[in-house]
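Below: the structure, in structure tokens.
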Amino acid sequence: MITQEHSNEEYSFAKKWSPAIAAHGHTAIPNLLLRRYLDMGITSPELRMIIALETYRWDDKEPFPSVKSLSKLTGVSSRQGRLILTSLHNKGLIIRTEHVGGTNTYNYDRLIYKLDQLATSSLPLGRKEPPSQEETRLERRMKTSSKEDASQQDTKLKPNINTGLENAWEIAKQRYAK
């Protein structure tokens with residue numbers, strides 16, 4: 001993959017959409033889930049329910065929206081919403097914990113685990129294993145620090161572009177030769 005240094009502001013949600021839209025918040029959904037949900041046996045209504053659940057998760061705690069709220073957000077009846085949540089539970093993608101006198105909590109560590117397995121089995125070109133958390137943190141720090149001037153960045157980028165294209169071509173030939 002060919003990357004260049006860009007400022008965080010250039011990729012901010014508000015810049016991509018608008019400040020007014022950003023004021024209402026946004027939800028981060030992994031591209032891997034959006035691109036491969038069918039391969040994982042997830043239906044379109046189930047994907048909508050996962051996305052709806054994610055809109056209620058503001059930190060690492062389990063979200064606890066009502067079935068009525070989730071159903072309204074996904075455009076289905078409460079009965080259909082319960083059926084979709086049951087299906088996700090039966091597929092081992094979410095764990096629904098019922099609370100007497102309160103709303104259910106939803107844990108999708110299993111979904112995250114299955115996505116992790118998929119991510120590891122189909123890594124971007126040139127990777128043999130997923131980056132560790134430390135590598136990810138280091139990469140973020142490097143991208144946000146702009147201590148090198150543009151000429152030094154260009155010098156580093158040119159050999160990587162050629163090497164990356166050569167590697168990508170070789171890997172593509174091997175994959176499609178099978």
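Quick look at the values:
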| quantity | calculated |
| --- | --- |
| Qualifying residue in the range 48-63 (condition: more than 25 Å from residue 31 (Cα to Cα) and in contact (Cβ under 8 Å) with a residue 12 or more places away in the chain) | no |
| Selection status of residue 100, assigned to a loop (DSSP other than H, G, I, E, B), among the hydrophobic types (A, V, I, L, M, F, W, C), over 16 Å from residue 51 (Cα atoms) and more than 23 Å from the chain's Cα centre (by Cα) | yes |
| Some residue of the range 110-118 being touching a His at 6+ places or on another chain (Cβ under 7 Å) and either surrounded by fewer than 16 Cβ atoms within 10 Å (Cβ to Cβ) or part of a helix (DSSP H, G or I) (or both) | no |
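Table: residues versus (1) among the aliphatic types (A, V, I, L, M); (2) surrounded by 12 or more Cβ atoms within 10 Å (Cβ to Cβ); (3) more than 30 Å from residue 83 (Cα to Cα); (4) at pLDDT 80 or above.
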{"position": "5", "(1), (2), (3), (4)": "no, yes, yes, no"}
{"position": "8", "(1), (2), (3), (4)": "no, no, yes, no"}
{"position": "14", "(1), (2), (3), (4)": "yes, yes, yes, yes"}
{"position": "18", "(1), (2), (3), (4)": "no, no, yes, yes"}
{"position": "24", "(1), (2), (3), (4)": "no, no, no, yes"}
{"position": "36", "(1), (2), (3), (4)": "no, yes, no, yes"}
{"position": "40", "(1), (2), (3), (4)": "yes, yes, no, yes"}
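The values are calculated or read from the model by the stated rules, or taken from the named source; none is laboratory data. Please read these numbers as outputs of a predicted model, since none were measured by experiment. No Cβ is skipped: glycine too gets one built from the backbone with ideal geometry, and neighbour counts run over all protein chains shown.
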